Amino acid sequence: MEGSRELSHHGGEAVRIARALAAGVAVVLVSASGAQAATPELSTSNRLQDRREVAAGQRSYVEGFQDGRFYANGWHSTGEMGGVWAPPLKLVDGVWFGIGGDWVGPATKFSSGWGYTRFDLPDAGGLHLQRTDVAPDGNRAALFGLQMTNPTSADKTVTVKVDAHSELMGAYPWGFSGVTPNANDNIADQGSFTGTALQFTDDGALPGAPEHHYAALVASNQDPASGEAAASGGGFRGPQPGHVCAGDDGTSMPSACDDGPFGKGTGGELRYQVTVPAGAAKTLWVAVAGSDKGLAEARSELAGALQDPAGALAAKIAARDKLSEWSQVSLPGDRLLQNAIDWGKQNLADTTQTASDLQIRWTNQGKQFPAPSGTVAHARWFGAGYPDYPWIFATDGEYTNFAAVALGQFDVAEDHLRALRDISEVLNDRSGIVVHEAVSDGSIWFGHDSQTTAADGTKTNDFNSDETIKFPSAVALIWRWTGDNGFRDEMYDFAKRNLQVVDQRLDVDRDGWPEGSGNVERTGMGPEKLDNGVYYMRSLYDLADMARSKHDGSTFAWATNLARKLQKQFEGTWWDTAANQYADSLVDPGNVQSFQKHWIGQVPMEAELTSGDTTTPGVASRDHGTTALAGRETSCYSGDRPGSLGLFHTGCEGGPEGKGEFSIFSLGTGIQAVGEGNYGRLGRDQQQRYTHANAETMFSEPATGNTPDEQPGAMPEIFPSGLNGDLSTGFTPNLTRCWTCRSMVMQAWGNYGTAWPVIHQQLGVRPFLNDSELQVVPQVPPGQRSVEGSNIRLGRGAVGVFASHSGSSYATKVDATRTPVHELVIGHTLPRGSRPAVVRLDGRRVKHYDARQTNRGLELTVTAKAGAQHTLTITTA
């Protein structure tokens, strides 16, 4: 796996490699020493028919299976979440290739690349075959390249047949019982062969919905010799028999299901005559393109995709290679984590989606489908995960943004928050409440500023409080890493209204702690949640910083004073002495502590408080924080066996029924990893245990025989997990689960638990570009000699950091020659109780330095000249 990042050292080679792949040329890189280096690919040949895969672009994506087939899977609209999508529209269930009279067999090897996927296929017609899938970022289209290599000494002409089965349907409505309109109302597609393309249309209106005109086209960059299409109801699924699985089938594997209960597509076949020269290769490119605005736009998207398919692949690989150059890390003692960060950049890019003309309507969890409240012209966001959560979420984005800034993906991070603001302003009439989730067509399932009244008269909010509470911190995070005052100004009014509505409406008992749902969506909790309280303190300080910079004195004073008040009463309110943990919630009357052992108990250690240029790592006191962290490392709260690692959602005997919940989520595990780092607990059985839990699923999950959880290089939503290693008590591996029983094959937010611990904690990059200041205060994990990061993006520049530790010697090297700040602070975090004996900056002894005791340890810092390279060395007594 270490070779998987070698392309980053050959940046100029990306276009050459892409062109060679497109032309059918096998590519290897050779280093200066002559050793063979791998292209940035990860491969597997294990259980390919059971493994999902995604090739994604910003305007389209392909979700299929690693044997090259397209099986029904997913549960929002049962079985319909895979195939080719151009958000907010699904285009086809799949595309299949045949040579002569035979269909191409299942792939023998699958490879994930940076920006594409590749399938090694069995020989057919005397040709060696590979298929490359790529979703260009510039078109609502996906490209499938069948590469045919002729090993003989004579030219070979073959008939290539291409089947496609349509399924034109929107991302909403879903198929849950009671949802109206429903995926079951899906209108039958109409198909035809135009002479050059397969054409599919879906025109009409779902019950109570406006008229729509959906269109998809399938064609190649060469004219077909012939073709045909079924007007409606046709099969055309290549070698797949077309078996329809029932909606209540909770046992069948995906490979047994070709369609689900809502499928009303049709199909067609294109046939091409292709001559492959002797001893050479040729690629037939097929595009699937479409639009929810009718045939004219679909034709335009198809033309754009087929203009230069090889060039589109080259551009995609080049763009991903460029993206990979940010935040290059070298972790000699932890290559697993290093590789997880490299591939995490690609995960974030893979989940980046865009859509236009979002019609914002409140569906009230599927109970209605009113006229839209307004329109958002364009949105770009980090999708939560594939295949069932590709749309816009507030909580997911707020956590993912930590990974995004650490990995240099500022633009999408900003756009995600813009999308949430724009949608929330339309949906909630500028109340300040942040939407929970928005489908790519603008449909809102949950997150409206209203209440539902139960039969007993109890009222509950139709939104979660945490998303509104966390939003100002997400803005401040980006502002500090970019120094983008324009973005601050754009978001400030909305961020201020976020916390004003929390204060005025969500703190009913006026004790400072907001009521409402938080990250744990489980019954039995009190109205005031721990995570909401902690993140409220953080956001108040963050809003105060933005208010100070805006000269908004009244907001600065209000936010600062309330944050300080809550901080002072935090331990007395939330620390559960009997449990040696923080209570999950407070129960009325009297704010009685409730401890149900949910993962949010770690949030007091995970959250940082920032005021001006002073960061406090962890809200919890050191004694309580370290006690709580150590408690969560026990087998009651964390998996402790290979194949079941990470933090359980709910500890043993926890939850409303006292049964625990032993599923391990990438987010909760990431929260634990960050919390460990804030308290200087970086060791193998502490932070590294949890960063490795997230990383292993991408490459070598023990529960799947040391293969990836599903797609190589992709971090899933939920890991194989169970109490005492018994997976039957938690969550079995995705590749063993049924067609509608799986978690996400790729989820964005878990990258918070790998990128942030390294960039922000181990390398100690702490930017305040809003004040033109950078602090670098690293901490090398025990058992490792050094950590290094280069080209860590800060505003319009970058910084490089190298930190090492050996015995009583500590060193920090900083390359700030491209760092856009006026003040530079360099330091190192020493173990608690350390006594610095000699401190040198660039070889000269420093007599005056700052030493601050934090939850991490002793942070020793000196001020250095900005815009230069420096070396700080510390020797302890």
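Observations, loosely collected:
- Every residue from the stretch 494-525 that is within 28 Å of Lys597 (Cα to Cα) and small (Gly, Ala, Ser): Gly512, Gly516, Ser517, Gly518, Gly524
- Selected residue (only one of Thr152, Thr157 is open to solvent by 50 Å² or more (accessible area, probe 1.4 Å), in a strand (DSSP E or B) and at pLDDT 95 or above): Thr157
- Listed conditions (1) modelled with pLDDT under 95; (2) under 22 Å from Glu653 (Cβ atoms); (3) buried (at least 22 other Cβ atoms within 10 Å of the Cβ) are all met by Ser728, apart from (3).
- The set of residues in the stretch 580-607 that are in a loop (DSSP other than H, G, I, E, B) and surrounded by fewer than 15 Cβ atoms within 10 Å (Cβ to Cβ) comprises Asn580, Asp588, Pro589, Gly590.
- Residue match in the stretch 273-294 (condition: surrounded by 18 or more Cβ atoms within 10 Å (Cβ to Cβ), in a loop (DSSP other than H, G, I, E, B) and in contact (Cβ under 8 Å) with a residue 60 or more places away in the chain): yes
- Where Phe802 falls short, out of the listed (1) under 30 Å from the mean Cα position of the chain (by Cα); (2) buried (at least 19 other Cβ atoms within 10 Å of the Cβ); (3) not hydroxyl-bearing (Ser, Thr, Tyr): (2)
- Within the option set Trp445, Trp481, being within 28 Å of Met81 (Cβ to Cβ) and of a type outside the set (D, E, K, R) holds for one residue only, Trp445.
- Number of residues in the stretch 519-534 that are within 13 Å of Ala583 (Cβ to Cβ) and either in contact with a Cys (Cβ under 6 Å, 6 or more places away or on another chain) or surrounded by 22 or more Cβ atoms within 10 Å (Cβ to Cβ) (or both) equals 9.
- Set Leu774, Leu794, Leu872, Leu830: member being surrounded by 22 or more Cβ atoms within 10 Å (Cβ to Cβ) and farther than 26 Å from Leu407 by Cβ: Leu830
Residue by residue, here is whether (1) over 23 Å from Glu297 (Cα atoms); (2) of a type outside the set (Asp, Glu); (3) part of a strand (DSSP E or B) holds:
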| residue | (1), (2), (3) |
| --- | --- |
| Trp75 | yes, yes, no |
| Leu91 | no, yes, yes |
| Phe97 | yes, yes, yes |
| Pro106 | yes, yes, no |
| Arg131 | yes, yes, yes |
| Asp137 | no, no, no |
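- Taking the numbered list (1) touching a helix residue (DSSP H, G or I) at 6+ places or on another chain (Cβ under 6 Å); (2) surrounded by fewer than 24 Cβ atoms within 10 Å (Cβ to Cβ); (3) within 30 Å of Gly115 (Cβ to Cβ); (4) small (Gly, Ala, Ser) in turn, Gly668 passes all entries but (2).
- Residues in the stretch 487-526 that are of a type outside the set (A, V, I, L, M, F, W, C), within 26 Å of the chain's Cα centre (by Cα) and in a helix (DSSP H, G or I): Arg488, Glu490, Tyr492, Asn498.
- Cβ-Cβ distances below 8 Å connect the following pairs, each with a first residue in the stretch 722-739 that is among the aromatic types (Phe, Trp, Tyr), a second residue that is assigned to a helix (DSSP H, G or I) and buried (at least 19 other Cβ atoms within 10 Å of the Cβ), and a separation of six or more residues or different chains: Trp739/Pro254.
- First in the stretch 315-330 and over 15 Å from Asp350 (Cα atoms), second anywhere and open to solvent by less than 10 Å² (accessible area, probe 1.4 Å) and assigned to a loop (DSSP other than H, G, I, E, B), Cβ under 7 Å, 6 or more apart: Trp326/Leu407; Trp326/Gly408; Ser327/Leu407; Ser327/Gly408
- Some residue of the stretch 114-128 being over 21 Å from Ser255 (Cβ atoms), outside any loop (DSSP other than H, G, I, E, B) and either without any contact (Cβ under 8 Å) to a residue 24 or more places away in the chain or open to solvent by 10 Å² or more (accessible area, probe 1.4 Å) (or both): yes
- The set of residues in the stretch 305-357 that are buried (at least 19 other Cβ atoms within 10 Å of the Cβ) and on the phi > 0 side of the Ramachandran plot contains only Ser327.
- Residues within the stretch 201-223 that are more than 26 Å from Gly175 (Cα to Cα) and buried (at least 21 other Cβ atoms within 10 Å of the Cβ), tallied: 3
- Test: residue in the stretch 773-794 that is of a type in the set (A, V, I, L, M), in a loop (DSSP other than H, G, I, E, B) and either within 27 Å of Leu667 (Cβ to Cβ) or touching a Lys or Arg at 6+ places or on another chain (Cβ under 7 Å) (or both): yes
- Count of residues meeting criterion [of a type in the set (A, V, I, L, M, F, W, C), crowded, with 24+ Cβ neighbours inside 10 Å and closer than 14 Å to Pro642 by Cα] in the stretch 697-725: 2
- Every listed requirement among (1) polar (S, T, N, Q); (2) closer than 14 Å to Gly263 by Cα; (3) over 24 Å from the mean Cα position of the chain (by Cα) is met by Ser45 save one, (2).
- Test: residue in the stretch 295-305 that is among the aliphatic types (A, V, I, L, M) and not in a helix (DSSP H, G or I): no
- Any hit, the stretch 377-389, residues being at pLDDT 95 or above, open to solvent by 10 Å² or more (accessible area, probe 1.4 Å), among the aliphatic types (A, V, I, L, M) and in contact with a Leu (Cβ under 9 Å, 6 or more places away or on another chain): yes
- Test: residue in the stretch 734-741 that is open to solvent by 10 Å² or more (accessible area, probe 1.4 Å), of a type in the set (D, E, K, R) and within 20 Å of the chain's Cα centre (by Cα): no
- Breaking point among (1) in a helix (DSSP H, G or I); (2) surrounded by fewer than 19 Cβ atoms within 10 Å (Cβ to Cβ), for Ala563: (2)
- Hits in the stretch 432-449 - residues which are in a loop (DSSP other than H, G, I, E, B) and open to solvent by 30 Å² or more (accessible area, probe 1.4 Å): Asp441, Trp445, His448, Asp449
- The requirement of being in contact (Cβ under 8 Å) with a residue 24 or more places away in the chain, crowded, with 24+ Cβ neighbours inside 10 Å and out of contact with any Phe, Trp or Tyr (no Cβ under 9 Å at 6 or more places or on another chain) is not satisfied by Pro87.
- Meets criteria (assigned to a loop (DSSP other than H, G, I, E, B) and either touching a His at 6+ places or on another chain (Cβ under 9 Å) or open to solvent by 10 Å² or more (accessible area, probe 1.4 Å) (or both)) for Phe402: no
- Subset of the stretch 320-335 [in contact with an Asp or Glu (Cβ under 7 Å, 6 or more places away or on another chain) and in a helix (DSSP H, G or I)]: Ser324, Arg335
The values are calculated or read from the model by the stated rules, or taken from the named source; none is laboratory data. The shown structure was predicted, so the numbers you read here are calculated from the model rather than taken from an experiment. Methodologically, a virtual Cβ is constructed for each residue, glycine included, from the backbone with ideal geometry; neighbour enumeration extends over all protein chains shown. Note: accessible area is taken over every heavy atom of the protein model, side chains too, but ligands, DNA and RNA are not part of it. Shrake-Rupley method; radii C 1.70, N 1.55, O 1.52, S 1.80 Å.
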